[in-house]
Amino acid sequence: MTEKEDKILKDHIKDDFATTEVNTNIEEKIMEKISSSKSLYDLPLVSKSVRRFFMSLAIILPVIAIIISITASPTETEIVGNVEHKVREFISGPFITVVGVVLIYISIDVLFRYRKRFKKV
Amino acid sequence: MENHEVIHIIQRIREGDADAFRVLVRQYKEMVFALALKMCRNTEDAEEITQDTFVKAFKGIQQFKGKSKFSTWLYQIGYFTAINHIRRKRIETTEIQEFSVAENSQNALDQLELADQKKLIHQALGYLKPDERAVITLFYLEEYSNEEIAQITKMSLANVKVKIHRSRKKLSDIMQTLMKNEVNSIL
């Protein structure tokens, strides 16, 4: 590309930008989107400490549950020794713990979000 | 807008004053729109990209550390929003097959009328890929340095240099080809 072409291209792009007209409503549309998006999902969640507490629970409890389910009464598992029993044991142990913690966290989170939303209104 | 003013506005937004964001929208909407328009070449899509860019910027305002210019950060969001939008909507760019340069036509662009030059450049830009158009726009319009373009596009510095060089070369070749085709069609 020659220097002259380079200059012409630069001028064209700058000129093109100068004559570009943005829809005047765009500002309102953006602000509208922002206010609607923050009404529910962008509100701060439950306080950070509560969130941290539940996050730790969600990690620690299943680990403890898994350890217990592995170490507890191995002989019994060996005696029964079938897959069905192991699956049932897993569902009643770590699986329920994980689901429980997650459900509790979601409920508290949703509760807080809605409470803040109604407060705002 | 001075950098310290932008920082002050961002501080207000972080403290919960969402209306302060309007100032930033007013200041940067043309810039973002121009980049989006250059990349997707469609007003409606460009408007959608502009809106999404600002909404994303608002949501991620906590992540802006102030290490770069706000415009650079905003352009980065705009660039990737546009790339994703183009991928999602499968906006296609026209491929030009022949890039053979006509002999003695190196400075032929100078001889064209201004209106014809603009038309030709506009047409030629359409043959570039969206990311090439973005790089060219940032390079010429904002006169960004290679480092800043690399930051916006998350490419390596070497990659940006090569991309700019190749895009300019490609653009020049396309313009020559288009001119040659036009001359042939007249004759």
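Annotations
- Listed pairs B:118/B:180; B:89/B:180; B:119/B:180 exceeding 25 Å between Cα atoms: B:89/B:180
- Using the Cβ-Cβ distance between residue B:26 and residue B:145 with R0 = 25 Å, the FRET efficiency computed as 1/(1 + (r/R0)^6) comes to roughly 0.45.
- Counting other Cβ atoms within 10 Å as a rough exposure proxy, the listed residues B:162, B:135, A:101 run B:162, A:101, B:135 from fewest neighbours to most.
- The calculated FRET efficiency for residue B:122 paired with residue B:18, based on their beta-carbon distance and R0 = 41 Å, is about 0.60.
- Net length gained if the chain between residue B:161 and residue B:84 were fully extended (0.36 nm per residue, minus Cα distance): 25.4 nm
- The range B:1-65 has equivalent-ellipsoid semi-axes of 24, 12, 9 Å, by the square roots of 5 times the alpha carbon gyration tensor eigenvalues, sorted largest first.
- The calculated Kirkwood hydrodynamic radius for the range B:22-96 is 12.7 Å, given to one decimal from all distinct C-alpha pairs.
- Label sites at residue B:43 and residue A:110, each approximated as a point 7 angstrom past Cα along Cα to Cβ, lie 4.4 nm apart.
- Too-long pairs where the Cα-Cα distance tops 27 Å, listed order kept, from B:29/B:65; A:7/B:129; A:14/B:69; A:14/B:170; A:7/A:29: A:7/A:29
No value in this document is a laboratory result; all are computed from the given coordinates. This one's a predicted model, so the numbers in the text were calculated from it and none came from an experiment. So basically every Cβ, Gly included, is an ideal-geometry build from the backbone, and we count neighbours across all protein chains shown.
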